[in-house]
Amino acid sequence: MTVKVTARGAERWKQGHPWIYRSDVAEEPDKTPGIVQAFDRKGKFLGQALYSPKSEIRLRLLSRGNERIDDFWWSHRILVAARRRNGITATAWRVVHAEGDALPSLVIDKYGPFVVAQLLSAGLESVRRDVLEAIKYALEPEGILLRNDSAIRRYEGLASEVVLAHGQVPQVVEIVEDGVKYLAAPWSGQKTGAFLDQRENRILIGHQTKTGGRALDLFTYHGSFALHLARNAKEVLAVDQSAEALARGAENAKLNGISNIKWTEANAFDLLRELERRREQFDTIVLDPPAFAKTKANLERAVAGYKEINLRAMKVLAPGGVLFTSSCSYHVSRDVFTAMLSDAARDSGRRMDFGKP
Ligand code: SAH
């Protein structure tokens, strides 16, 4: 299959961006998803790409060469990505991070001996068999679960499904992260079963927690930050509005023999106000809320929300304390987030030293 792209589309690949949008595709004679050969209008070969006929993101670059893209090709790229992660002090991590590992729209997470993968484009879905063979060969998992229930698949015209593609994958998997154990739920948990994206940060902040101090983990979910904080802190207040999430957190604490975490069901905004009123102070505070800006349209309100929790957290931070703050809103840029923090610091009347982002 071949596709022709405009000069502007070709330029994007030349500049290093792996995507070509619908508006930059000049000719697409065969509208079936798959791997296509891409040419410019003059007929010059540009590379091979995943083709999604229903998506705004029509082409995702796989290779500038003309090699055969089969299960061996995929397994080689997966192995290269896996090798980059050698030495991680955890049993669960993201092995393949899609475009970041030159494997567009493919996410592969490892949970001990099990793999949870996501095929996030129509082009990739059409080579599912090769990709699965490649995962088996490269990672030798006991089971592969496809968490193809991400909303992104809708834009590709793909169904939402969770399917076992190989071997067996249990409902609950015990993970060890820098010596801290927790339970992940590949079939039903958030994302692919746990928030692997904060792995390094959990370890970092765990080590930076003041020994014998007080720590606060807002939006704790299953307590993955709280567990790391609890190793150094005398006591940790772990807060979430979901009782179910907190119950899982408490289970995780039990698994580690940790008893210095106080699990508190509350709205983080209300609780911060209450803590401030009671003049409570914490040496370490973790803010890892859900995405406040789900769309561009509510950006302003989202930033106001971020400012409120950060400002209030700064107010209950003990002198010399550490605030670890984050946002997973795609629409809130690093600059906007940093400016919001400066604003909050100014309003809080506290002098904040901004560490390395
Ligand atoms: N920090 C966690 C992930 C947080 S996910 C980790 O690293 O694993 C977001 C969590 O925030 C969810 O558990 C959700 O129940 C909780 N949440 C959302 N809005 C909240 C609010 N206003 N107050 C308290 N918790 C909230």
Contour excess over end-to-end distance, with Cα ends at Thr89 and Asn298 and 0.36 nm allotted per residue: 71.4 nm
Within a Gaussian network of the chain (alpha carbon springs, distance under 10 Å), most fluctuating of Gly257, Gly179, Gly47: Gly257
Selected from Ala247, Asn267, Thr295, residue furthest toward positive end of dipole (the range 212-296; charges at beta carbon): Thr295
Alpha carbon centroid spacing (whole Å) that separates the range 174-240 from the range 259-300: 15
In range of the label at Ala318: residues from the range 252-270 whose backbone nitrogen is under 20 Å from the point 7 Å along Cα→Cβ: 259-264
Burial ordering of Val115, Val5, fewest other beta-carbon atoms within 10 Å first: Val5, Val115
Residues His331, His17 arranged by fewest to most Cβ contacts within 10 Å: His17, His331
Sequence-separation-based contact order of the range 1-159, relative, with Cα cut under 8 Å and 6+ spacing, percent: 19
Mean separation of Cα contacts under 8 Å (6+ apart) over length of the range 224-357, as relative contact order %: 22
Inter-label distance, nm, simple model (7 Å from Cα along the C-beta direction), Arg277/His17: 5.0
Two-site FRET efficiency, Gln190 against Arg351, from Cβ-Cβ distance with R₀ of 41 Å, rounded to 0.05: 0.70
Set of lysines with alpha-carbon distance to Lys191 below 17 Å, sequence-local pairs under 8 removed: Lys110, Lys294
Value of [θ]222 nm, deg cm²/dmol, for the chain, DSSP H segments ≥ 4, -39500 (n - 2.57) each, nearest 500: -9500 deg cm²/dmol
Under 19 Å from the Cα of Lys210 - lysines, other chains or at least 8 residues apart: Lys234, Lys262, Lys315, Lys356
Distance (nanometres) between label positions extended 7 Å along Cα→Cβ at Ala151 and Ser326: 2.0
Charged-residue dipole, Cβ positions (Lys, Arg, Asp, Glu), the range 1-63 about Cα centre, Debye nearest 20: 100
Reachable aspartates and glutamates from Lys42, criterion Cα separation under 17 angstrom, eight or more residues apart if same chain: Glu11, Asp24, Glu27, Glu28
Relative contact order (%) - criterion: Cα under 8 Å, at least six apart; region: the chain: 9
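FYI, it's all coordinate maths here, none of it is from the lab. What you see is a predicted model; the values in this text were computed from it and never measured. Cβ: placed from backbone, ideal geometry, glycine included. Neighbour counts: every protein chain shown.
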